[in-house]
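Student: Dropping a structure here in structure tokens format, bear with me for questions.
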Amino acid sequence: MKLSQRMSRLGTETAFDVLVRARRLEAQGKDIVHLEIGEPDFDTPENIVDAAVHALRNGAHHYGPSPGLPELRQAIAEEISRTRKISVDPSEVVVTPGAKPIIFFTILALIDPEDEVLYPNPGFPIYESMIQYLGAKAVPVPLLEEKNWSLDVDDLAKKVSSSTKLLILNSPQNPTGGVIPLDDLHRIAELAHRYDFMILSDEIYCRILYVPEYHSISTLPGMKERTIILDGFSKTFAMTGWRLGYGIMRPDLAGQVSKLQTNATSCTSTFTQLAGVEALRGDQTRPNEMLEIFRERRDFIVNGLNEIPGFSCKMPEGAFYAFPNVKKLGVPSKKLADVLLEEAGVACLSGTAFGSWGEGYLRFSYANSQEKIAEALRRIKKTLQDYHMVSF
Ligand code: PLP
């Protein structure tokens, strides 16, 4: 079989590979603490499950419109108008099976081969994968620990060129938990106006936020037309397996993205969308409780990691990831992650799974119980001691 050339440029998400390796070790009888995969460990709130069952029992069995059901587009438009303080019309909403297709569809709709797309590094690996797959030029923008995991806007300005068509932002950030400060967003917006590029603002973690206020670049003057907001239900409502996400974009682009959806998937599952209406409009007690549990776990894991010799970890401002610096151990991150999996039975990801700027870091997802996190911390300390990786 001869694959297309572009397949050689397609990347992947290492989290899924590590999960497979961890499961294999479990099948061999090894106990593993799972801190590798980026999904809430909670079940979906019951009112949302009930809404899906009700929808199925009442005939939601058929195709729907490609951009999404009118009632869900309306509910999303209201949610985004309220939370981002911009006025969003349902015609600006495209509902997709998970938020991930918004990355693919946006790049497909806006980018030609040879165009330049800037993206965060370390960052969600699908950005680079999609940019390269489509033959565009992927230009990494380093995120810096010393800037609390924001980017250096002066450095960004040097990377922008007349070929820059799109900048991808992600705040709160996977894998660092960083949040881009409002001042930086203002300066990035100025660049977007000056050099006339669009922004894909990945806001999937916007409600898993430990600082008082969320800032979306779309709210800054003149930026709504330049911004595609990516958001969804996976993280906020613990609905990863349901596959329900959306993009907010100018109506002319929404029409094109809907056309891509018609070609790729026809539409998003109908009963899932009806459950999405309940998620947005129904009782918010459970999602709010989940956030508070994440906040406690964040404090617990970050304090615990900082007590391990050779580790130092900034306090994340959002998402459910801790991204400690392990440079003092003098071991490549990938090797360290392998040792922790195979010897300590702790599954985590090497920072390099998120790009070359992730060397020297590990990513721990704290979407697991405090008990399991405590066990992981204990095992990591012991293994590092056993392997003389640190002197105590
Ligand atoms: N964007 C980021 C930064 C993510 O971390 C993820 C999931 O891990 C997604 C997008 C995709 O979300 P979904 O599962 O809704 O497709």
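Every residue, every condition in (1) over 18 Å from THR383 (Cβ atoms); (2) part of a loop (DSSP other than H, G, I, E, B); (3) in contact with a Ser or Thr (Cβ under 9 Å, 6 or more places away or on another chain), yes or no:
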site	(1), (2), (3)
PRO316	yes, yes, yes
VAL331	no, yes, no
LYS335	no, no, yes
GLU342	no, no, no
THR352	yes, no, yes
TRP357	yes, no, no
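Student: On the basis of being surrounded by 19 or more Cβ atoms within 10 Å (Cβ to Cβ), within 16 Å of the ligand (Cβ to nearest atom), assigned to a helix (DSSP H, G or I) and among the hydroxyl-bearing types (Ser, Thr, Tyr), does THR236 make the cut? Can you show your working first?
Tutor: Working: surrounded by 19 or more Cβ atoms within 10 Å (Cβ to Cβ): yes; within 16 Å of the ligand (Cβ to nearest atom): yes; assigned to a helix (DSSP H, G or I): no; among the hydroxyl-bearing types (Ser, Thr, Tyr): yes.
When the stated conditions are applied, THR236 does not pass them.
Student: Identify, please: which residue in segment 356-392 is in contact with a strand residue (DSSP E or B) (Cβ under 6 Å, 6 or more places away or on another chain) and under 13 Å from ALA15 (Cα atoms) and is, among those, surrounded by the fewest Cβ atoms within 10 Å (Cβ to Cβ)?
Tutor: SER365
Student: What number of residues within segment 70-81 are within 15 Å of the ligand (Cβ to nearest atom) and either free of Cβ contacts under 8 Å to residues at least 40 places away in the same chain or β-branched (Val, Ile, Thr) (or both)?
Tutor: 1
Student: Something else about it: State all residues of segment 176-202 that are closer than 21 Å to VAL95 by Cα and either away from the ligand (no atom under 11 Å from the Cβ) or without any contact (Cβ under 8 Å) to a residue 40 or more places away in the chain (or both); if no residue qualifies, say none.
Tutor: Filtering segment 176-202 for residues closer than 21 Å to VAL95 by Cα gives 198-202.
Hits for segment 176-202 are MET198, ILE199, SER201.
Student: Under 7 Å by Cβ, and 6 or more places apart or on different chains, what pairs join a residue from segment 45-60 that is among the β-branched types (Val, Ile, Thr) with one that is assigned to a helix (DSSP H, G or I)?
Tutor: Matching pairs, first to second residue: ILE48/ALA275; ILE48/GLU278; ILE48/ALA279.
Student: If you check ASP31, ASP17, which single one turns out to be more than 30 Å from GLN132 (Cβ to Cβ) and either over 27 Å from the mean Cα position of the chain (by Cα) or in the same structural domain as ILE301 (by TED's automatic domain parsing) (or both)? Explain how you work it out, then say what you get.
Tutor: Details: ASP17 fails: more than 30 Å from GLN132 (Cβ to Cβ).
Of the residues listed, the single one that is more than 30 Å from GLN132 (Cβ to Cβ) and either over 27 Å from the mean Cα position of the chain (by Cα) or in the same structural domain as ILE301 (by TED's automatic domain parsing) (or both) is ASP31.
Student: Same structure again: Out of everything in segment 82-112 that is in contact (Cβ under 8 Å) with a residue 24 or more places away in the chain and charged (D, E, K, R), what residue ends up being nearest to the ligand (Cβ to nearest atom)? Steps first, please.
Tutor: Start the filter on segment 82-112 by keeping residues that are in contact (Cβ under 8 Å) with a residue 24 or more places away in the chain, which leaves 83-86, 88-89, 91-112.
Next, only the ones that are charged (D, E, K, R) stay: 84-85, 89, 92, 100, 112.
On the way: ARG84: 17, LYS85: 22, ASP89: 23, GLU92: 19, LYS100: 3, ASP112: 24 Å.
Once the filter is applied, the top-ranked residue is LYS100.
Student: Can you go through LEU200, LEU209 and tell me which one is within 20 Å of the chain's Cα centre (by Cα), of a type in the set (A, V, I, L, M, F, W, C) and closer than 24 Å to ASP112 by Cα? Please lay out each step first, then the result.
Tutor: Values: LEU209 fails: closer than 24 Å to ASP112 by Cα.
Only one candidate qualifies: LEU200.
Student: Could I ask something else about it? Would you pick out the residues in segment 182-212 that are in a loop (DSSP other than H, G, I, E, B), crowded, with 16+ Cβ neighbours inside 10 Å and out of contact with any Pro (no Cβ under 6 Å at 6 or more places or on another chain)? Write out each step before concluding.
Tutor: First pass over segment 182-212, keeping only residues in a loop (DSSP other than H, G, I, E, B): 196-197, 203-208, 210-212.
Checking the rest, the ones that are also crowded, with 16+ Cβ neighbours inside 10 Å come to 197, 203-208, 210.
Listed by number, the residues that qualify are PHE197, GLU203, ILE204, CYS206, ARG207, ILE208, TYR210.
Student: Can I ask one more? Looking at segment 113-137 only, could you name the residues that are more than 16 Å from the ligand (Cβ to nearest atom) and surrounded by 21 or more Cβ atoms within 10 Å (Cβ to Cβ)?
Tutor: ALA136
Student: Pick from segment 126-145 the residues that are touching a residue at least 40 places away in the same chain (Cβ under 8 Å) and in a helix (DSSP H, G or I): which of them is farthest from CYS313 (Cα to Cα)? Don't jump to the end; show me each part of the working.
Tutor: So the first thing to find is which residues in segment 126-145 are touching a residue at least 40 places away in the same chain (Cβ under 8 Å), and the list is 126-129, 132-135, 140, 142-143, 145.
Now restrict to residues that are in a helix (DSSP H, G or I): 126-129, 132-133, 145.
Details: ILE126: 25, TYR127: 25, GLU128: 25, SER129: 28, GLN132: 31, TYR133: 33, GLU145: 9 Å.
Among them, the one singled out is TYR133.
Student: How many residues does segment 158-175 hold that are within 11 Å of the ligand (Cβ to nearest atom) and either among the basic types (Lys, Arg) or in a loop (DSSP other than H, G, I, E, B) (or both)? Please lay out each step first, then the result.
Tutor: Step one: filter segment 158-175 for residues within 11 Å of the ligand (Cβ to nearest atom), giving 168-175.
Applying the additional criterion that residues be either among the basic types (Lys, Arg) or in a loop (DSSP other than H, G, I, E, B) (or both) yields 171-175.
Of the residues in that region, 5 qualify.
Student: Can you tell me which residue among ALA347, ALA319 is hydrophobic (A, V, I, L, M, F, W, C), modelled with pLDDT of 95 or more and at positive phi?
Tutor: Numbers: ALA347 fails: at positive phi.
Testing whether each residue is hydrophobic (A, V, I, L, M, F, W, C), modelled with pLDDT of 95 or more and at positive phi leaves just ALA319.
Student: Output the qualifying pairs, or none if there are none: Cβ atoms under 7 angstrom, residues six or more apart or on different chains, first residue in segment 240-266 and farther than 15 Å from LEU72 by Cβ, second residue assigned to a loop (DSSP other than H, G, I, E, B) and away from the ligand (no atom under 15 Å from the Cβ).
Tutor: As it stands, the answer is VAL257/MET249; THR262/SER66; SER266/TYR63; SER266/SER66, since those pairs meet every condition given.
Student: Condition check: part of a helix (DSSP H, G or I) and either within 14 Å of the ligand (Cβ to nearest atom) or buried (at least 24 other Cβ atoms within 10 Å of the Cβ) (or both). Does SER258 satisfy that? Steps first, answer last, please.
Tutor: On the way: part of a helix (DSSP H, G or I): yes; either within 14 Å of the ligand (Cβ to nearest atom) or buried (at least 24 other Cβ atoms within 10 Å of the Cβ) (or both): no.
When the stated conditions are applied, SER258 does not pass them.
The values are calculated or read from the model by the stated rules, or taken from the named source; none is laboratory data. It should be emphasised that the depicted structure is a prediction, and the values quoted were computed from it without experimental measurement. Note: ideal-geometry Cβ built from the backbone for every residue, glycine included; neighbour counts use all protein chains shown.
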